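Remarks on the structure that follows.
What follows draws every value from the coordinates through simple rules; no lab data is involved. Bear in mind that the values here come from a model prediction, so they are computed numbers and not experimental data. Here the Cβ positions follow ideal geometry from the backbone for every residue, glycine too, while neighbour counts run over all protein chains shown.
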Amino acid sequence: MSRIKRLYNWFEMRLQLEGPVKDAVLHPVPRNTASWFYVFGSAATTLLMLQIVTGILLAFVYVPSGAEAWRSLDELNNHLYLGWFLRAMHGWGSNFMVAVVLIHMCQVFTFGAYKFPRELTWILGVFMLLMTLGMAFTGQVLRFDQDAYWGLGIGASIMSRVPLVGGALVDLLLGGPIIAGATLSRFFALHVFIIPGILLLFTATHIWMVIKLGINDWPMPGRIVRRDTYLQEYHELTHKDGVPFVPDALWKDMFFSAAVLAAVAVCAVVFGPYGPSGQPDPTIVNTVPKPDFFFLWLYAVLAYLPPSLETPFILIAPVLGICALLALPLLAGEGEKSWHRRPVAILLLVTVAVSFGIFTHLGTFTPWSPIMDAWSSDPVPPKLIHDATPVERQGAVVFQAKQCRNCHSIGGSGGMRGPALDDVAVRLTEDQLIRQVLQGGGNMPAYGKNLTPPETTALVRFLETLKPPGRRPAIDATQQEQKALNAPQP
Amino acid sequence: MSEEKPVSRRWLLVAVGTAFNGIVAAAVAVPVIGYLLSPIKKKSAYLKWISLGKLDQFPEGQTRLASFENPFERPQDGETAKTPCWVRRLSAEQFQVFAINCAHLGCPVRWFPQSELFMCPCHGGVYYADGARASGPPERGLFTYDYKVVNGELHINAGQMPTLADQAKLVTIAGKGKSPCLG
């Protein structure tokens, strides 16, 4: 017996791990589940490990103090050997982890894998998704830059909308009356101890159940899941046409995990670490806070909700959504697994995915926000005022100086909060323009109080020139009639 | 013998041991709930009169950015102990002090003196010079601080981040006739 074998035996005799490990790695899985579709769960686990390792390495330097956090990130980014790389790996690892977890969930949903007897595996998975998102949000707070500061403000403002206990929840979230050092300390505890602790426990349970219950068989149209027959059928499937998990299925997991890790590393090297953006000095108000990628959809939804619906939506929709996800395997625990026979489920998934995609896309360019410096940075296209009269030119000056440009674009630049004005003269008559400018309405502020009559006249004259060549200006039909009536008289 | 008894002596001891553990754990843990909930305080406990400085830095008819150190500052707060606010001076003794936080979701509103509007960079909330809602998603006007003039200095009652949960000290937008829309 070789020395290595003796050493192994010495440990094995005391640890007694060989039996359970062999059971776990050699358990038979249905042959067709050794598929590239079944690699996302293991990739998510790999990314979780990456996050833990890089997170611990960052904790060697990071200081969870409101006064020091930003500077310690600066030190990591700029002064420590490979500090920037670890921050980038952790940041990109979190992006990949959210993405892979979501893909894993879509795959499980599409393959009907949440059905009997894997209901609890799914329910735990829902909590693990929530905790992954919780990690993403708390991690963004630990960056403790301007985005983190104002992101906390948004979090507190959402909390404050809860009836009765809103104020208490804000105090709890912030750890005091304002966003400050105490806030960062508690988010550090959440991000480093509480959420990862529970997440690890849930991950272990999740994987335990996957091993004990067996990986979901490839869905076949017509192979119906029934509580009283499924276990028997699955047992036959794995024993008649099964392969051992190691090595038949595992090698694909290994390849995919390595590819994902490599992709994280490439992103980290190419794109670098996330921020930190400006120092968390709240008196720097010239800032445009924006959440990280995975919360952009929420940012967009919050912009589009009408004011009256906002509080009910923010407070009720997430609860309903989570309840629906939790209830799914309990309500649909039997029946068809194949996507060929579950049109409603697939349509639902596509609808949700497309909605998230659209809101996220909108979140990347925020058409609902005024562009705060458009009035001073985007010039009026010279060709628009080339042949303009002095009054019209003065109107263009008023247009810029009164920040109209922050919400309205002309010539393709400027805000998108209000309609583009390139053809406003085609849409609105002079009277309508004056009314709109002075009284506002339709989500536009009224300018009646801060425009003098000459400014208003000049501005409207300028706006009347804004129409594509060859298009006729808007006309007031009643005035035309009046003119026609009056015409023959003199 | 013992297996015939409904509760064996050992199981009784286990039950008593469990109860004992439970009692000790509850006795230790229940007060700790108070530790966890300690940030929750009455609003008055988080408010204090603070000076924004001499009156002459706020010219009449103008709106200026001011800032103050949070009265409950701790060393680890760093820069976040500072809070900005917008001060509008209407006349010698008349002021409006607006919170920096948009009434929608708390982002920092910015004052544009040319168009006399506050605009929010996050979701496009806009307010008039008097803090009344002009457009966008906010449900109400800007939050305001109570103020008083003491020895030629402007003092405000502040210390807590204003949110919708914090209604008592807030102005409502309806029916004051201040907004150009209404008046």
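Values as computed for the structure displayed
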{"quantity": "Built amide H within the under 5 Å cut-off of residue B:107, gap 5+", "calculated": "B:102"}
{"quantity": "Local net charge near residue A:388, Cβ-Cβ under 11 Å (Lys/Arg +1, Asp/Glu -1)", "calculated": "0"}
{"quantity": "Theoretical gain in end-to-end length, residue B:139 to residue B:73 [0.36 nm per residue, Cα-Cα removed]", "calculated": "20.7 nm"}
{"quantity": "Degrees between helix A:307-331 axis and first principal axis of chain A (Cα, 0 to 90, nearest 10)", "calculated": "20"}
{"quantity": "Label zone at residue B:33, where the point sits 7 Å out along the Cα-to-Cβ direction: segment A:145-168 residues whose backbone N lies under 20 Å", "calculated": "A:164-168"}
{"quantity": "Charge context of residue B:77, other residues only, Cβ under 12 angstrom, K/R +1, D/E -1", "calculated": "-3"}
{"quantity": "Cα long-axis angle, helix A:69-78 against chain A (0 to 90 degrees, to the nearest 10)", "calculated": "80"}
{"quantity": "Nearest-20 debye value, the protein assembly as shown charge dipole, Cβ charges on Lys, Arg, Asp, Glu", "calculated": "760"}
{"quantity": "Dimensionless Rg/Rh of segment A:374-477 - Kirkwood Rh, Rg from C-alpha atoms", "calculated": "0.92"}
{"quantity": "Helix-only CD estimate at 222 nm, as mean residue ellipticity for chain A, using -39500 (n - 2.57) per DSSP H run (n ≥ 4)", "calculated": "-19500 deg cm²/dmol"}
{"quantity": "Residue-averaged beta-carbon neighbours from other chains (10 angstrom radius) around A:410-420", "calculated": "1"}
{"quantity": "Count, lysine Cα pairs under 22 Å in chain A, 8 or more residues apart or across chains", "calculated": "14"}
{"quantity": "Largest-first principal axis extents of the Cα set of chain B (Å)", "calculated": "95, 37, 27"}
{"quantity": "Tilt relative to chain B, helix B:9-36 - C-alpha long axis, 0 to 90 degrees, to 10", "calculated": "10"}
{"quantity": "Hits among lysines - C-alpha to C-alpha of residue B:148 under 24 Å, sequence gap 8 or more where chains match", "calculated": "B:42, B:43, B:48, B:54, B:82, B:169, B:176, B:178"}
{"quantity": "Ellipsoid semi-axes in whole angstrom, largest first, where each is sqrt(5λ) of the Cα gyration tensor of segment A:48-193", "calculated": "29, 24, 11"}
{"quantity": "Whole-percent pair-distance distribution, where bins are 10 Å wide, for the alpha carbons of chain A", "calculated": "3, 14, 20, 20, 17, 12, 7, 4, 2, 1, 0, 0, 0"}
{"quantity": "Local net charge near residue A:43, Cβ-Cβ under 11 Å (Lys/Arg +1, Asp/Glu -1)", "calculated": "0"}
